[in-house]
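The values are calculated or read from the model by the stated rules, or taken from the named source; none is laboratory data. Quantities reported herein were computed from a predicted structural model and do not represent experimental measurements. Neighbour counts are summed over all protein chains in view; Cβ atoms, including those assigned to glycine, are modelled from backbone coordinates with ideal geometry. Keep in mind that these areas ignore ligands, DNA and RNA; they rest on the heavy atoms of the full protein, side chains included. Shrake-Rupley method; radii C 1.70, N 1.55, O 1.52, S 1.80 Å.
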Amino acid sequence: MQDMGVRVLFEGANGVRLLKGLWTALRISLLSMAFSFVLGTLLGCAMTLKNPVVKAAAKIYLEFIRIMPQLVLLFLAYFGMTKAFGIQLSGYASALIVFTMWGTAEMGDLVRGVLISIPKHQYLSGLALGLSPWRVYLHIIFPQSARRLIPLAINLSTRMIKTTSLVVLIGVVEVLKVGQQIIEANRYAAPSGALWVYGAVFLLYFIACYPISSLARLLENKWKG
Amino acid sequence: MDFAFMARYAPLYVDAALLTLRIAAVGIALSLLAGLVCGLTQYYRVPIGKNIAAAYIELSRNTPLLVQLFFLYFGLPKAGIRLSSEVCAYIGLTFLGGGYMAEAFRSGLESIEKIQVESGLSLGLTRAQVMRCIVLPQAAAISLPGICANMIFLIKETSVFSVLALADLMYVAKDLIGLYYKTNEALTMLVAFYLLILLPVSTVLSLVERKFRYAGYGSQSAV
């Protein structure tokens, strides 16, 4: 009975369909990652400003987004927006918006943390050498920050990839949904299909995330000194 | 906003919040235990044990909880292992949290310099005493920020347990939306209850973190 189940994965286009489903999830995370890296860098820089209004606004945004479970945010975007404002978003669009907002908050916090971890004398020495504030950032602060930031940002991307698995709950047809379809279609031919299909999905996510998190660790160790 | 509706269904949310808290509390306690065991296994470089711990940590940190739960709840019964949804929730949360906690403990343990252990041993303490009285208290203080962040993370992760048909906050909200089409009210209450749970927890944890920020032997320089 067990060997009949595993066959489900290789019958017809099932394997390819699963991979395509994974790609749907990955595409959401890649797109929102790209947006949130840009927006998050801006947010992080804005948070180091002395302006109290900007600081307070950024802080409230950050705290709210980070304290809410991502699934709640998805529900707010997918069900809440439709009812409250009449804006009908597809599951895909709401996932993109939510993950961009969440990623921006997380990335902003990382950027802020890295920027304030650069010792103050680096800024001051740059200014004392006659560089303009903009040049101090461009030539002194950003290159140093990037080394500390990149491993953290890569780690954030694995978290985003993992979190995009939630989109199945707002109706996006991604790898888990495709898995369910395959299981349902083969309910009688392969009753133990669920074990193999979900096992395969589990492994697929691992294969997607493991190299990325290993890379983050590698860079972290390399640039530590 | 239909406040009468919200008042009528608030008790449902209270029950759901209690369930969420119970699952989170048990899950966090178990994952602390699992994390400590894995962290110590790696710290002492127990042969074979450390490889198993390393593989487990990578597996749990690189897969989403939702997928782990689908495997546990829908996959395993096909192999003859049938678990109730609550047991699945505990196992899932512990499996996920253990990996994260292990990393937090390990980084704390590794940051304690070897000379601390050697000094303890030369003073005549046994290995167990060195661990209990010297290494662990310092390591715990260093691991604490990571552990606190993981706790918040685990409480947030409980939101996916609605897929196991556990009547948690997400489940109740979804149910009310489906039954009465009161989307605004149901979602407002959902957000309110999560804030009610998570804000105090995160405030308390950051206070705890600040209180225990004392051990700074060489590892944490006050910049």
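Table for the structure above
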{"quantity": "Alpha carbon centroid spacing (whole Å) that separates segment A:1-66 from segment B:80-149", "calculated": "30 Å"}
{"quantity": "Radius ratio Rg over Rh of the protein assembly as shown, counting only Cα atoms, Kirkwood formula for Rh", "calculated": "0.99"}
{"quantity": "Qualifying trypsin sites (Lys or Arg not before Pro) in segment B:44-76, DSSP loop, other Cβ atoms within 10 Å at most 15", "calculated": "B:Arg45"}
{"quantity": "Contact order relative to length of chain B, as percent, for alpha carbon pairs under 8 angstrom and 6 or more apart", "calculated": "28 percent"}
{"quantity": "Segment A:141-207 and segment B:17-69: distance between their alpha carbon centers, rounded to Å", "calculated": "19 Å"}
{"quantity": "Highest-MSF residue in chain A out of A:Ala25, A:Ala185, A:Ala105 [GNM, Cα springs under 10 Å]", "calculated": "A:Ala185"}
{"quantity": "0 to 90° range, to nearest 10: angle between helix B:169-180 axis and chain B longest Cα axis", "calculated": "10 degrees"}
{"quantity": "Inverse of mean 1/r across different Cα pairs in segment B:107-223, Kirkwood, Å", "calculated": "17.6 Å"}
{"quantity": "Chain B: angle of helix B:183-211 to the longest principal axis, Cα-based, in degrees nearest 10", "calculated": "20 degrees"}
{"quantity": "Delta accessible area of at least 30 Å² on complex formation, residues of segment B:35-69, 1.4 Å probe, chain isolated as reference", "calculated": "B:Glu58, B:Leu59, B:Asn62, B:Thr63, B:Pro64, B:Leu66, B:Val67"}
{"quantity": "Heavy-atom surface of segment A:58-164, accessible at 1.4 Å and reported per residue (Å²)", "calculated": "46 Å²"}
{"quantity": "Label-point separation, B:Leu179 to B:Asp15 (7 Å along Cα→Cβ), nm", "calculated": "0.9 nm"}
{"quantity": "Max mean-square fluctuation residue, GNM over chain A, Cα-Cα springs under 10 Å, options A:Met33, A:Met101, A:Met68", "calculated": "A:Met68"}
{"quantity": "Backbone HN-Hα couplings from phi across segment B:152-158 [Karplus 6.51/-1.76/1.60, Hz, Gly and Pro as x]", "calculated": "4, 4, 5, 4, 5, 5, 4"}
{"quantity": "Per-residue HN-Hα couplings for segment B:43-60 [Karplus 6.51, -1.76, 1.60; θ = phi - 60°; Hz; x = Gly/Pro]", "calculated": "5, 7, 6, 4, x, 6, x, 5, 5, 4, 4, 5, 5, 4, 4, 5, 5, 6"}
{"quantity": "Convex hull volume per residue in cubic angstrom - Cα atoms of chain B", "calculated": "150 Å³"}
{"quantity": "Principal axis box of segment B:95-173, alpha-carbon based, largest edge first, Å", "calculated": "60, 19, 14"}
{"quantity": "Low-density loop cleavage sites - trypsin sites (Lys or Arg not before Pro) in segment A:23-109, where at most 11 other Cβ are within 10 Å (DSSP)", "calculated": "A:Lys50"}
{"quantity": "Derived scalar couplings ³J(HN,Hα) [segment B:79-88; Karplus, 6.51 cos²θ - 1.76 cosθ + 1.60; whole Hz; x for Gly, Pro]", "calculated": "9, x, 9, 9, 10, 6, 5, 5, 4, 4"}
{"quantity": "Förster radius 56 Å - calculated FRET efficiency between A:Ala189 and A:Ile118, Cβ distance, rounded to 0.05", "calculated": "0.40"}
{"quantity": "Stokes-Einstein diffusion coefficient of segment B:1-92, Kirkwood radius over Cα pairs, 25 °C, 0.890 mPa s, in µm²/s", "calculated": "154 µm²/s"}
{"quantity": "Segment B:157-187: chymotrypsin sites (Phe, Trp or Tyr not before Pro) in DSSP coil with no more than 14 other Cβ atoms inside 10 Å", "calculated": "B:Tyr181"}
{"quantity": "Segment B:1-41, accessible area per residue, ligands and nucleic acids excluded (1.4 Å, Å²)", "calculated": "50 Å²"}
{"quantity": "Per residue convex hull volume, Cα atoms of chain A, in Å³", "calculated": "143 Å³"}
{"quantity": "Dipole of segment A:2-223 [Lys/Arg +1, Asp/Glu -1 at C-beta], most positive-end residue of A:Asn51, A:Ala190, A:Thr24", "calculated": "A:Asn51"}
{"quantity": "Electrostatic dipole magnitude of the protein assembly as shown [Cβ: Lys, Arg +1; Asp, Glu -1; Cα centre; debye, to 20]", "calculated": "900 debye"}
{"quantity": "Kyte-Doolittle mean at least -0.5 and Cα axial length at least 20 Å: DSSP H helices in chain A", "calculated": "A:14-47, A:52-67, A:91-117, A:142-163, A:193-223"}
{"quantity": "Translational diffusion coefficient (Stokes-Einstein; Kirkwood radius from C-alpha pairs) of segment A:122-168 at 4 °C, 1.567 mPa s, in µm²/s", "calculated": "101 µm²/s"}
{"quantity": "Reachable lysines, given that their alpha-carbon falls under 16 Å from the alpha-carbon of A:Lys50 and they are not under 8 places away in the same chain", "calculated": "A:Lys59, A:Lys120"}
{"quantity": "Of A:Glu184, A:Glu106, A:Glu11, the one that fluctuates the most in a GNM where chain A has Cα springs shorter than 10 Å", "calculated": "A:Glu11"}
